[in-house]
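Written out below as structure tokens is the structure these notes cover.
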Amino acid sequence: MRYSPRSLVVEHNILFLRGFTILFLSCIAIRLNLCLSSIPSSLKSLPLGGHLSFDELSLRSAAKDFGNRYQYHPMAVLHPESVSDIAATIKHIWLRGPSSHLTVAARGHGHSLQGQAQAHGGVVINMESLKVPEMQVHVGSSPPYVDVSGGELWINILHETLRYGLAPRSWTDYLHLTVGGTLSNAGVSGQAFKYGPQISNVQQLEIVTGTGELVNCSKEHNGELFHSVLGGLGQFGIITRARIILEPAPTMVKWIRVLYSDFTAFTTDQERLISSEQTFDYIEGFVIINRTGLLNNWRSSFNPQYPVQASHFKSDGRTLFCLEMAKYFNVEEIDAANQEVEEHLSRLSYIPSTLFSTEVTYVDFLDRVHVSEVKLRSKGLWDIPHPWLNLLIPKSQIHNFAEVVFGNILTETSNGPVLIYPVNKSKWDNRTSVVIPEEDIFYLVAFLTSAVPSSNGTDGLEYILSQNKRILEFCQRSQLGVKQYLPHYTTQQEWRAHFGPHWETFLQRKSVYDPLAILAPGQRIFQKAITFS
């Protein structure tokens with residue numbers, strides 16, 4: 001039987017593909033066998049109410065986060081039924097001593113940006129599996145409070161506390177995050193100028209330390225651990241329960257946005273508002289650079305009532321600054337709320353024709369970002385890289401920063417919002433692990449960009465990362481006293497510089513509460529010391 005040259009090529013390709021497929025599947029099988037064989041038998045046989053997962057699907061899921069840039073596969077994923085499962089797992093790893101390479105990371109809703117909740121070759125704890133203790137609202141105390149699991153979502157806390165006419169005082173802009181996750185950082189939003197970050201509104205914590213010890217703590221009882229864990233980036237213990245302060249909740253919100261073309265007027269008004277006793281309940285701002293169709297874009301998140309002349313406002317590609325404010329009220333208080341808002345607005349120097357306002361429910365206002373999430377998910381634009389950069393900038397340097405960054409480095413804001421708003425340092429507890437600027441007022445500036453996969457343009461990952469690098473280099477070169485919020489560094493020398501005079505305290509706390517550096521390896525602050533016997 002004779003073969004044509006063409007048929008010989010086809011047959012050769014088929015044989016090659018068949019061989020490659022067999023080799024590929026063999027490699028996967030070998031990898032799985034090696035992974036399974038490297039799992040300590042004692043870990044697999046741990047007596048738990050929940051369970052440990054070792055399957056590829058669970059490991060792959062635990063290696064993903066919102067940042068969508070780093071993927072470090074763990075050896076196992078713990079789905080705890082109770083706090084004792086977490087304590088038992090960590091204690092087991094602790095007792096194996098420095099000869100074990102195992103580390104532990106707590107993972108909430110997976111919203112880390114740089115793989116901070118991942119544990120390469122270690123154990124990731126799925127905190128959302130932790131359903132006990134159940135949420136309990138305590139109305140009779142002063143102030144009222146709610147006890148919640150560290151794996152509980154803030155959106156669920158909002159709905160549950162509202163049943164009692166109460167709600168937490170301080171929030172993040174996005175509520176589909178876990179309590180343990182935000183308290184390990186700080187938890188900042190437009191209420192922070194008034195009540196401080198979320199870590200300033202916690203009364204008690206239940207912690208599992210890096211030795212597997214279960215400890216209850218507060219400012220008065222085990223205060224060193226309490227303050228260490230708040231803003232501690234997961235380095236000293238895993239938050240398994242928290243007591244959150246509540247206040248009477250409003251039912252409605254008057255939501256307002258105005259525009260400025262002058263940065264000095266914008267910051268002056270912001271600083272005046274956050275320093276006044278009678279003011280709005282929420283104050284944020286954002287930057288708009290080279291945005292086309294401005295009015296149809298920036299107000300699309302709510303249905304505003306606005307003056308006729310606003311439709312004639314032309315941005316002309318200018319850099320503009322939006323001041324966003326909210327006044328909380330109950331339905332029967334609408335007249336008083338409107339009068340108060342008018343008084344506050346009369347003292348501001350915004351462009352008059354750009355006033356937009358609307359009234360929404362309290363829940364709709366607080367959960368506003370989730371609406372955008374649903375839209376982005378429907379378009380396949382949620383699970384993409386998010387190279388975010390969050391900075392805390394001293395008030396004295398904000399104009400210098402704005403002139404260079406908003407004037408030269410940042411050329412547009414079409415890839416995601418750029419938030420900018422001031423907070424009061426007096427509302428932050430300096431005993432916590434969070435590092436903030438030294439001045440009485442400092443600004444949060446958040447570059448919340450999204451990268452288009454495979455793009456080589458200004459919306460591509462490499463371009464955005466390069467832009468972030470230029471911003472950080474300018475801050476360092478100009479010695480602005482800037483601190484990263486949700487910080488990310490790759491060397492201990494950089495972490496030392498970040499903590500500055502607080503480094504020795506941070507180091508001391510680590511040696512007490514997690515001496516083998518088991519916890520939160522994804523932060524890349526400490527590396528577990530391994531000895532071979």
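The values are calculated or read from the model by the stated rules, or taken from the named source; none is laboratory data. Keep in mind that this is a model prediction, so the values were computed, not measured. With ideal geometry, Cβ positions are generated from the backbone for all residues, glycine too; neighbour counts draw on all protein chains shown. Surface accessibility is based on the protein's heavy atoms, side chains included, excluding ligands, DNA and RNA. Shrake-Rupley method; radii C 1.70, N 1.55, O 1.52, S 1.80 Å.
Computed from label points 7 Å out along Cα-Cβ, the spacing between residue 492 and residue 465 is 2.6 nm. Counting only DSSP beta bridges whose two residues both lie in the chain, roughly 90 percent are antiparallel.
Using a probe of 1.4 angstrom and keeping all protein chains present, the accessible surface of the chain works out to 46 square angstrom per residue.
Pull out a ≥ b ≥ c, the square roots of the eigenvalues of the alpha-carbon gyration tensor of the stretch 418-533, then state rounded if a/c is under 1.5, prolate if not and a/b is larger than b/c, and oblate in the remaining case. Mind dumping the intermediate values first?
Details: a/c = 2.29, a/b = 1.24, b/c = 1.84.
Taking the square roots of the gyration eigenvalues as a ≥ b ≥ c, the stretch 418-533 is oblate.
Can you bin the stretch 56-97 into rounded, prolate or oblate? Criterion: square roots of the alpha carbon gyration tensor eigenvalues sorted a ≥ b ≥ c, rounded for a/c under 1.5, prolate for a/b above b/c, oblate for the rest. Prolate is the answer for the stretch 56-97, as a/c is 1.5 or above and a/b outweighs b/c.
Given Cα pairs under 8 Å that are at least 6 residues apart, what percent is the relative contact order of the chain? Walk me through the numbers on the way to the answer.
On the way: 1059 pairs, mean separation 88.3, N = 533.
It comes to 17 percent, rounded to a whole number.
Filter the GluC sites (Glu not before Pro) in the stretch 163-221 down to the DSSP loop ones having no more than 10 other Cβ atoms within 10 Å, then list what survives. Numbers along the way, then the final one.
Values: sites: 206, 213, 220; in loops: 213, 220.
Passing both the DSSP loop test and the Cβ count: 220.
The distance linking the stretch 209-241 with the stretch 45-105 is 20 Å (Cα centroid to Cα centroid, whole angstrom).
Within the same chain, aspartates and glutamates fewer than 8 places from residue 219 are excluded, and of the rest, those with a Cα less than 14 Å from its Cα are 206, 429. Counting only residues at least eight positions apart within a chain, or on another chain, the lysines with an alpha carbon under 25 Å from that of residue 528 are 44, 64, 91, 510. The shape of the stretch 356-468 comes out oblate: with a ≥ b ≥ c from the C-alpha gyration tensor, a/c is at least 1.5 while a/b does not beat b/c.
Determine the relative contact order of the stretch 170-239: mean sequence separation of Cα pairs under 8 Å and six or more apart, normalised by residue count, in whole percent.
Details: 108 pairs, mean separation 21.0, N = 70.
Reported as a whole number, the value is 30 percent.
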